[in-house]
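Read the structure below first, then the notes.
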Amino acid sequence: MMEKDSILAKIEQLYADMGQNTYGEGITQTEHGVQCAELACRAGESPALITAALLHDIGHLLEEVSAEHGNYQHDKVGADYLQPLFGAEVAEPVRLHAQAKRYLCTVEDGYFESLSAASVHSLKHQGGLMTEAEVEQFRQQPQYEAAIKLRRWDDAGKDPELASLPFERYREYMQASLLA
């Protein structure tokens, strides 16, 4: 495995190079990740969940499919990239955050109506509403509750007025979450 500083430098460089991209939300990938991480910090979450919030959309930067809407499988692409570096506490909420949207649309009244236009658009490409069996299967995932928290920060982290702290502010959380 790469040295920790090298891993973090590579991630930071990816955001420096690609993080100015948008995907239909009116903010950049970096602004969105930082806002989600800040919401996780304010909620008093663990370094791993703060890191997951910061990096949950890294799959858009690793493998862009549509400049307008990003990568509909960014959750899997991102989790596959993060898993060997950070382990399940970071990777699994990332892997499950699109499924968490499907879950919340299915089980929570009014959730669908609260989604942004870009989230509504991507929902149909991510499987739409869940069946009863899919709801139960989602609830069996060890990180499903973390994924729901991450999904809520994902929804809230699209406000250009939210404090725009530098990406590097979250380096200590990423450092603490890296596998040895």
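Here are the criteria: (1) among the acidic types (Asp, Glu); (2) touching a residue at least 12 places away in the same chain (Cβ under 8 Å); (3) open to solvent by 50 Å² or more (accessible area, probe 1.4 Å). Tell me which single one Glu38 does not satisfy. So Glu38 meets the others, but not (3). Highlighted here are the helices (runs of 4 or more DSSP H) found entirely within segment 85-162 that include at least 3 residues which are buried (at least 17 other Cβ atoms within 10 Å of the Cβ) and at pLDDT 95 or above: 88-107, 144-156.
The values are calculated or read from the model by the stated rules, or taken from the named source; none is laboratory data. Predicted model only: the values in this text are computed from it and were never measured. Neighbour counts are summed over all protein chains in view; Cβ atoms, including those assigned to glycine, are modelled from backbone coordinates with ideal geometry. When the accessible area is computed, the model is the full protein with side chains, heavy atoms only, and any ligands, DNA or RNA have been set aside. Shrake-Rupley method; radii C 1.70, N 1.55, O 1.52, S 1.80 Å.
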